[in-house]
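This report refers to the structure that appears directly beneath it.
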Amino acid sequence: MSIMRGSDPGDVRTAPRWPAHKQPVEYPPPSAAERVLAATAHLLIFFSLPGLAVAAVLWFLLRRWSPFVSQQARQAVLWQTRTTLIVSLAVAVLLGVAFTELGSAINATHSTGSQAIPILFLALFGIVILLLGGMFIALAAALIGALYSLLGKPFVYPTLRKPKQRPS
């Protein structure tokens, strides 16, 4: 028995040491029920945290039954989690700024050179804009994801894409 590469195709020692590139798995086209379930997972963002919980349940319960529903529900859960965390963190920071400036604004009502009132106003205005703008973007992306799902096409949210590998 020779240990040279290529001497015996079944010999484990002749296999290359690096993994072969995996080809994308082709799944059958999703059924109408699968498309509706996938779109539902995207649209559950309209129900905030309860919707996130239901989308997660869809993902976990249907991951072996339908790869299409599983992938779309996973995208929806990750998108909803990410947008909820980012918006909540930004609102918390702006509320912190607003509360720290509130005391200064109350004391500054009689003085003319204080910057506390404009800072308080900008923080509160930023909260409103952030909530409205952030939720508009999150909901619009979820609607696009639901539309893609209803058409039977896989959808990946822009911020959840894996970076492309550079050729070496």
Given (1) in a helix (DSSP H, G or I); (2) more than 30 Å from F125 (Cα to Cα); (3) in contact (Cβ under 8 Å) with a residue 40 or more places away in the chain, index of the condition A53 fails | (3)
One residue from A90, A140 being in a helix (DSSP H, G or I) and modelled with pLDDT of 85 or more = A140
Any idea which of (1) over 22 Å from the mean Cα position of the chain (by Cα); (2) at pLDDT below 90; (3) of a type in the set (S, T, N, Q) is the one S48 doesn't satisfy?
-> (1)
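The values are calculated or read from the model by the stated rules, or taken from the named source; none is laboratory data. Predicted, not measured: the structure shown is a model, and the values here were computed from it. Counting neighbours? That spans all protein chains shown, and the Cβs are built from the backbone with ideal geometry, glycine included.
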